[in-house]
Structure formats: structure tokens, C-alpha cells
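The next block holds one structure in the form of C-alpha cells; read it before the comments.
No value in this document is a laboratory result; all are computed from the given coordinates. Every value quoted in this text rests on a predicted model; they were computed, and no experiment measured them. Neighbour counts run over all protein chains shown; Cβ positions are idealised from the backbone, glycine included.
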Amino acid sequence: MNKLIIIKCGGAYISVKEKHETVDEKHMNNLVELIVRLRKNGYRICLIIGAGSFGHFEAKEYSVNKGLQNDSKVQLTMGIAKTRSSVTKLLYMVVSKLINSGIEAVALSPFGSWLTDKDRVVYSNIDLIRQCLNGTSSSSPDSQCSIHSIVPVLHGDVCMDITKGCGIISGDLIINYLSQQLNPEKCVFISDVEGFYNKSPKLHQEAKLIPLILCKKDQGSQIAAETSDKLDHDVTGGMKSKYDSAYEIASVYLIPVFICGGNSSLSLIESCCTCTLNSPKTNPINNSTLFYPLL
Ligand SMILES: Nc1ncnc2c1ncn2[C@@H]1O[C@H](COP(=O)(O)OP(=O)(O)OP(=O)(O)O)[C@@H](O)[C@H]1O
Ligand SMILES: C=C(C)CCOP(=O)(O)O
């Protein structure tokens, strides 16, 4: 079976995060071109997009992330509706651009079928995602369908939650869960920065990119950097949740993870997806961060 890569393309990359519902056209085209190139090279792709300037503003205004702990239930239901309306606008923009470029992309929203509890996924439509990726049903592996692999496109969304009734599921949590379930060859986070720094590169000019983070299960994800820089309207975990998710994917599921993006060229981002890694002592791709499993 062809190699599988899971990509979480952050909302900070494909949108202008400070400006409500504004797409970054150049980065959006980069993302579509990246998927086209990877598919031409035979990769199976599962794509997750973040919300950026779509959804975070609405979720914050109506405290959707707090679920039923929100003071006003009327406000909560309107918040759910408006947040979903916004995130699905971005979703369908991405999916239609992919389809117009010849990619068989289907939108799969977590809202309809995923369930979380205490920031972990407890139920999902994983069989459907597998079926899209493999062109066959996981429950009946012998009945090979004639369809080609499809690119499922998931996204940060409103989600049903056992404790809170509902909440926000971040793309950073989705990629973590899917890595455990699908065992991809590699995971790639694309964001508006070139990787993980010792402090926020937006606040500190002297911030240094950390090229390689060796991840060991027993050591946990002790963050060796400052990650506090987050926009006011951001309802999910910012760079800290990317770090935690990447560290767990590498250390527990033993899957290498790259964080890349910012102003890097499309070829550099493509190299993060396609490069071969054999116990590297250094990160082979400049201007990115590699989380590598240490056995
Ligand atoms: N140590 C750090 N290294 C790199 N970036 C950092 C660090 N600390 C904070 N940041 C900030 O994290 C931001 C990226 O996180 P953010 O959650 O906005 O990205 P995203 O996942 O692409 O967006 P979204 O959550 O909308 O999908 C950067 O713009 C940067 O300012
Ligand atoms: C509905 C929202 C705000 C989803 C947030 O998803 P993320 O941008 O991947 O953290």
C-alpha cells in the first residue's frame, strides 16, 4: 500500500489570522500545489486544516470552547451555529480548490460523528477515513473496491463532548488521534512559522529555531521553550498544543513529525513530507523542526 502522510495545515498558514474570514491566497495555493505534487508521487494523504481567522472569533465570542459551562445556553447554541458556519466556509474553499486541481478530496467534519472527553478523542468515524484512504472497507478487507484512494479533509471544529456537552476540537488533537489509529509514515504540521523556536519568533527577533527534538516516551513532553504567544481570539492551544501533540506522536506512536512553514518555499515543505529518515543525528531539512522518536 502507498505511503501515508498526515498533514495538519494550520489556520495561521492558510488564513490571515488577525483578519476575520480572510484567506492567505498564496499559502492556500501552496497547500493545494503540495497535495497535487504528493499525489502525483503516489502518496496517500489525510489532510486536516486549522481554523485560523475562520471560527476562532465566533468560538471565543460565544465561549463555545467552554461547552455547557457557558453561562448562556441560548448564546451557546448560536455560537455553535456561527462557529460551524465559519469553519465550513474555509473547509469548502480548500476542498473546492483541491477538486479544481484534480484531487479527489472529500470534506469530513468531526462535528457529525466525533466525541471528545477531557481533551482526548473517545469516538470517531475512523472506518470511513480508512475507507477513503485505502479504497476499501477496514471491516471487510477482502472486498477491494475499484475506487482510488480519496483525500479526506478534516478540520478543527465544534465537537460533542461527554463532560462539557460540546467543545472545540483542534486540528492538533485530530492529527494526534489519527496518527495513533492510522500509523502514517510521517506527520507534518504546517504553520505560519518555520518550526519550533526557543521562544516565539514573532515576539523575539533573537529567537532560535530548534532543528531536532529527540522524543522519548518515558521523558514526557517537557517543553524546553516559551510558547505563551497566542492571539486573544485563539480558543485552542497555539504552539504549545502543536508541541505536545508532535511530541506524543513521535514518542508514543513512534512516528516522525515535522513542523514547518512560514515563508519557506513549497519545495522545502514538500521535502519535509517526502524525505527519508534513518535515525538522523541532525535534521536533514533546513528551516524546520523534526520531532524524532528515540527508542
Ligand atoms: N516557541 C515557539 N515557536 C514557534 N512559534 C511560537 C512559539 N511560541 C509561540 N508561537 C506562536 O505560535 C503561532 C502558531 O500557532 P497557531 O496555533 O496560531 O498556529 P496554527 O495551528 O497554524 O493556527 P490555527 O490554530 O488557527 O490552526 C505562531 O504564529 C507563533 O507566533
Ligand atoms: C472551531 C475552531 C475554532 C477550531 C480550531 O481548530 P485549530 O485551529 O486547529 O486549533
What lysines does K242 reach when the alpha-carbon gap must be under 19 Å and sequence neighbours fewer than 8 apart in one chain are set aside?
K8, K17, K118, K186, K199, K202, K208, K216, K217, K230
If you take the beta carbon distance between S228 and H148 as r and set R0 to 51 Å, what does 1/(1 + (r/R0)^6) give as a FRET efficiency, to the nearest 0.05?
0.70
Among beta bridges that DSSP assigns inside the chain, antiparallel share in %, nearest 5
30 percent
Show the residues, 5+ positions off or on another chain, whose built amide H is closer than 5 Å to the amide H of K186.
I6
Please list, in chain and number order, the residues 5+ apart from C215 or on another chain whose amide H is under 5 Å from its amide H, with Hs placed from the backbone.
Y292, L294
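Mean residue ellipticity at 222 nm from the helices of the chain, using -39,500 (n - 2.57) per DSSP H segment of n ≥ 4 over the full residue count, to the nearest 500 deg cm²/dmol?
Working: 8 runs with 98 residues, N = 295.
-10500 deg cm²/dmol, from helical runs alone.
Among 47-58, 258-269, 185-196, how do they line up by average Cβ neighbours within 10 Å per residue, starting with the highest? Provide the component values of the computation, followed by the final result.
Details: 47-58: 27.1, 258-269: 19.7, 185-196: 24.5.
Per-residue Cβ counts within 10 Å, averaged per peptide and sorted highest first, yield 47-58, 185-196, 258-269.
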